[in-house]
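What follows is one structure encoded as structure tokens, with my remarks underneath.
Read the figures in this text as sums done on the coordinates, not as results from a lab. Owing to the predicted nature of the structure, the values given are computational and were not obtained by experimental measurement. Cβ coordinates were reconstructed from backbone atoms using ideal geometry, including for glycine residues, and neighbour counts include every protein chain displayed.
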Amino acid sequence: MIHPSFFDEPLNRRETRCIKWDVACRENADCVPMWVADMDFRSPDCVVNALKARAAHPTYGYTGVKSDDRTAMIDYYRRRHGMIMEEKQILMLPGVITGMRVCLHALTEKGDGVILQPPVYGPFRESIEKTGRKVMKAPLHWENGHYTMDLEAVRAALEAGARMMFLCNPHNPVGRAWHQEEIEALHALLSSYGAYLVSDEIHADFVYAPRTHYSALRLPDEKIVVLLAASKTFNLAGLQQASLVCRDAGMMAGFEEEMAAHGTIAGNVFALEATREAYLHGDEWLDALKAYLAENIRVAQAFIARNMPHAILSPMEATYLGWLDLRAVEEKTETWMHACEKHGVMFTSGTFFGEEGEGFLRLNLACPREQMLEGLRRLQAAYEELSGEA
Ligand SMILES: Cc1ncc(COP(=O)(O)O)c(C=O)c1O
């Protein structure tokens, strides 16, 4: 049994090349960083021990993916999410965003349109633009903090020639875990125009009861691409390991060719070791983590409702990232970022997710509860300053 106090323990991440703390604390050593999406928790002991054991062998030469790296992953996603895949349908990659670029190169041409649903994780847009493809926006529909898909906007993009769509499920930053009916309706629309669905499911493990993750892989369509990783779930992002899953053999051959053309390989000796171990033995730790995060979310919701009455925190079906609408007090995210910096807390700017995020901040709640509350108290100080309410 993993006791909640495991996650309460403060963790000093300074001087570990940790982006989250180093950037936030460059100007202000006392800053509470609640921005980039990794967690201020220790990874599970099974992972730490596996890495130590591998590090103890004093050679770190060229490394290959083994069959049991794939079978551990297959069992994990079947066990936890009812997703069915075979070994030959898995391609290992250094990152999910690398996987998106592989899809863009293999399945589209320069100038082709790719649909996004902003506000959405910024590197989606960047990978489309940097590969010479065209972003076609179908912004999510906002109503009092709750977001839904705008299928008419998706249809308009398809009418205008879009060839592919990047779905974020669960959605970073708005916290939706898309429901089966929503995924099915979206897929029916895309397939009626022959457009590819590429589904980023890196946050799949952070869907909270009563909701469950509904993967695009459950749709009866071989041409769907799903991107997965253990990196968010088990705090392994620095190791750089992800997977692309697709049931279509022809598409898989195209992805492999694309990887070879760019010299992209996944064979990091530590990443493979840690990922397999997490998939095999991480369940108990993950269940305890999710319970802790669910309580952090509840505490944050109550804190914001009590102390920042004009702010709207979107309901969080999934992820550990709160999406806070502060437009009623001040419409410019930049002003919020400055005020927060002054009060010693750092969030991700809403505009990182597109212009639809103007006036919003994204709050990373995956840290010890006391630390989260300290960050929220500092946000409250910024809120009181900008709203003139104390
Ligand atoms: C939705 C989403 N996709 C992808 C990534 C990054 O994945 P990777 O580091 O594997 O490229 C993140 C990281 O925050 C994310 O939130």
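Mean Kyte-Doolittle of at least -1.0 and a Cα length of 24 Å or more along the axis: which whole DSSP H helices of the chain meet both?
283-307, 369-387
Can you list residues from other chains, or at least 5 along the same chain, whose modelled amide H is less than 5 Å from the amide H of residue 346?
Placed amide hydrogens put 32, 34 under 5 Å from residue 346.
Under 5 Å between amide hydrogens, which residues at least 5 positions from residue 242 or on another chain qualify, with H placed 1.01 Å from N in the peptide plane?
93, 95
Could you list which residues have their amide H under 5 Å from that of residue 113, counting only those 5 or more apart in sequence or on another chain, with H placed in the peptide plane?
The answer is 134, 163.
Residue by residue through the range 171-179, which ³J(HN,Hα) values in whole Hz follow from phi under the Karplus form 6.51 cos²θ - 1.76 cosθ + 1.60 (θ = phi - 60°), with glycine and proline marked x?
Once θ is set to phi - 60°, the couplings for the range 171-179 become 8, 9, x, 7, x, 7, 9, 4, 7 Hz.
Enumerate the calculated ³J(HN,Hα) couplings along the range 221-237 in order (Karplus 6.51 cos²θ - 1.76 cosθ + 1.60, θ = phi - 60°), each rounded to whole Hz, writing x wherever the residue is Gly or Pro.
Working through the residues one at a time gives 8, 6, 8, 6, 10, 10, 10, 9, 7, 8, 5, 5, 4, 10, 6, 10, 4 Hz.
Tell me which lysines have Cα within less than 19 Å of residue 130's Cα, excluding those fewer than 8 residues away on the same chain?
110
State the Cα centre-to-centre distance between the range 7-46 and the range 152-231 in whole Å.
31
Arrange the following residues from fewest to most other Cβ atoms within 10 Å of their Cβ: 358, 284.
Neighbour counts put them in this order, fewest first: 284, 358.
Run the helix sum for the chain: -39,500 (n - 2.57) per DSSP H stretch of 4+ residues, divided by residue count, reported at 222 nm to the nearest 500 deg cm²/dmol.
Values: 14 runs with 164 residues, N = 390.
Computed mean residue ellipticity for the chain: -13000 deg cm²/dmol.
Over the range 49-281, what is the relative contact order in whole percent, taking alpha-carbon pairs under 8 Å and six or more residues apart?
27
Excluding residue 275 itself, what net charge comes from residues whose Cβ is under 14 Å from its Cβ, given Lys and Arg +1 and Asp and Glu -1?
Values: positive: 54, 66, 70, 232, 276; negative: 68, 69, 75, 205, 273, 277.
That sum, taken over residues with Cβ under 14 Å, equals -1.
For residue 102, what is the net charge nearby, where nearby means another residue's Cβ is under 11 Å from its Cβ and Lys, Arg count +1, Asp, Glu -1?
-2
Going Cα to Cα from residue 88, which lysines come in below 28 Å? Please leave out same-chain ones fewer than 8 positions away.
Cα-Cα hits under 28 Å: 66, 223, 232.
Classify the range 152-225 as rounded, prolate or oblate from the Cα gyration tensor: take a ≥ b ≥ c as the square roots of its eigenvalues, call it rounded if a/c is under 1.5, otherwise prolate when a/b beats b/c and oblate if not.
Working: a/c = 2.09, a/b = 1.74, b/c = 1.20.
In terms of gyration-tensor shape, prolate.
Among the GluC sites (Glu not before Pro) in the range 126-224, which ones are in a DSSP loop with at most 15 other Cβ atoms within 10 Å of the Cβ? Mind listing them? Numbers along the way, then the final one.
Working: sites: 126, 129, 143, 152, 159, 181, 182, 184, 201, 222; in loops: 201, 222.
Answer in residue order: 222.
Among 212, 315, 383, which residue has its Cα furthest toward the positive end of the charge dipole of the chain, with +1 on Lys/Arg Cβ and -1 on Asp/Glu Cβ?
Highest projection toward the positive end goes to 212.
Please list, or write none, the lysines whose alpha carbon is within less than 24 Å of the alpha carbon of residue 342, excluding same-chain residues fewer than 8 places away.
Partners found: 20, 332.
Kindly identify the range 1-45 as rounded, prolate or oblate by the Cα gyration tensor criterion: order the square roots of the eigenvalues as a ≥ b ≥ c, call it rounded if a/c is under 1.5, otherwise compare a/b with b/c, prolate if a/b is larger, else oblate.
prolate
Taking the highest mean first, how do the peptides 362-370, 324-332 order by number of other beta carbon atoms within 10 angstrom per residue?
Per-residue mean Cβ counts within 10 Å order the peptides as 362-370, 324-332.
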